[in-house]
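S.K.: Can you keep this structure in mind? I'll have questions shortly.
The values are calculated or read from the model by the stated rules, or taken from the named source; none is laboratory data. Keep in mind it's a predicted model, so treat the numbers as computed, not measured. Here the Cβ positions follow ideal geometry from the backbone for every residue, glycine too, while neighbour counts run over all protein chains shown. When the accessible area is computed, the model is the full protein with side chains, heavy atoms only, and any ligands, DNA or RNA have been set aside. Shrake-Rupley method; radii C 1.70, N 1.55, O 1.52, S 1.80 Å.
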Amino acid sequence: QLALAQHFGLPVQRTGGRARVVQQALQRRQTFGQHLPAQAQFNQGALVALDRDTGKPKWNVRLRSYTWSSPTVVEGVVVVGDASGAIFVRDAATGASLLTDAEGNPAEYVSVKATIEASPLIWHDQIFIGIRGGGLVCLGN
């Protein structure tokens, strides 16, 4: 992963001899990835949008837990799930949540109450995501 990140000119931060490498999903001139702390704290993670020209963060969102999967970006929307079962749906340009609860109030995430280890698939305005144990969750109409 480190060699791949360096090949594409993506920023890599070294801490104590260890490199932080983010999983990538590319759209236009912006890069998205999850960040795992250099010191293995397996209950933390963040979704970070980096400007591909400068390598500087444009926005970031703290996740509820770590994540194994890559974010999916489709038509200006970034979707990622984490190990706590939270699914985050964000505007790619601003990082603003695009989720609402049953009453129409803004929501930071939706919980599927199962560990998410797969990257989301977006098809016909629906989000499909695999969960531990072989299940498949579908969000949307």
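S.K.: Is it fair to say VAL22 is modelled with pLDDT of 60 or more and out of contact with any helix residue (DSSP H, G or I) (no Cβ under 6 Å at 6 or more places or on another chain)?
M.R.: Against the criterion (modelled with pLDDT of 60 or more and out of contact with any helix residue (DSSP H, G or I) (no Cβ under 6 Å at 6 or more places or on another chain)), VAL22 does not qualify.
S.K.: For segment 129-141, give me each residue that is open to solvent by 60 Å² or more (accessible area, probe 1.4 Å) and part of a loop (DSSP other than H, G, I, E, B).
M.R.: Across segment 129-141, the qualifying residues are ARG132, GLY133, GLY134, ASN141.
S.K.: With respect to the numbered conditions (1) of a type in the set (Asp, Glu); (2) within 13 Å of the chain's Cα centre (by Cα); (3) more than 15 Å from GLN44 (Cα to Cα), which one is the sole condition not fulfilled by ASP101?
M.R.: (2)
S.K.: When the residues of segment 99-117 are narrowed to those that are in a loop (DSSP other than H, G, I, E, B) and either among the basic types (Lys, Arg) or in contact with a Phe, Trp or Tyr (Cβ under 8 Å, 6 or more places away or on another chain) (or both), which ends up modelled with the lowest pLDDT?
M.R.: Once the filter is applied, the top-ranked residue is GLU117.
S.K.: If you don't mind, another one. In segment 42-71, what residues are of a type in the set (A, V, I, L, M, F, W, C) and either modelled with pLDDT of 85 or more or farther than 17 Å from GLU117 by Cβ (or both)? Write out each step before concluding.
M.R.: The initial filter retains those residues of segment 42-71 that are of a type in the set (A, V, I, L, M, F, W, C), namely 42, 46-50, 59, 61, 63, 68.
Those that are of a type in the set (A, V, I, L, M, F, W, C) and either modelled with pLDDT of 85 or more or farther than 17 Å from GLU117 by Cβ (or both): ALA46, LEU47, VAL48, ALA49, LEU50, TRP59, VAL61, LEU63.
S.K.: Across segment 109-128, which residue is surrounded by the most Cβ atoms within 10 Å (Cβ to Cβ) among those that are in contact (Cβ under 8 Å) with a residue 24 or more places away in the chain and more than 13 Å from the chain's Cα centre (by Cα)?
M.R.: ILE127
S.K.: Let me ask you something else. Kindly provide the set of residues from segment 71-98 that are farther than 24 Å from ASP51 by Cα and either in a strand (DSSP E or B) or open to solvent by 20 Å² or more (accessible area, probe 1.4 Å) (or both), ordered by number.
M.R.: Applying the first criterion (farther than 24 Å from ASP51 by Cα) to segment 71-98 yields 83-86.
Once the filter is applied, which keeps residues that are farther than 24 Å from ASP51 by Cα and either in a strand (DSSP E or B) or open to solvent by 20 Å² or more (accessible area, probe 1.4 Å) (or both), segment 71-98 yields SER84, ALA86.
S.K.: For ASP101, only one of the following conditions fails: (1) touching a Ser or Thr at 6+ places or on another chain (Cβ under 6 Å); (2) of a type in the set (Asp, Glu); (3) open to solvent by 30 Å² or more (accessible area, probe 1.4 Å). What is its number?
M.R.: (1)
S.K.: Can you tell me how many residues within segment 67-98 are over 10 Å from the mean Cα position of the chain (by Cα), hydroxyl-bearing (Ser, Thr, Tyr) and closer than 16 Å to GLN44 by Cβ? Full working, then the answer.
M.R.: First pass over segment 67-98, keeping only residues over 10 Å from the mean Cα position of the chain (by Cα): 74-77, 83-86, 91-98.
Still in the running and hydroxyl-bearing (Ser, Thr, Tyr): 84, 94, 97.
Adding the requirement that they be closer than 16 Å to GLN44 by Cβ leaves 84.
Qualifying residue count, segment 67-98: 1.
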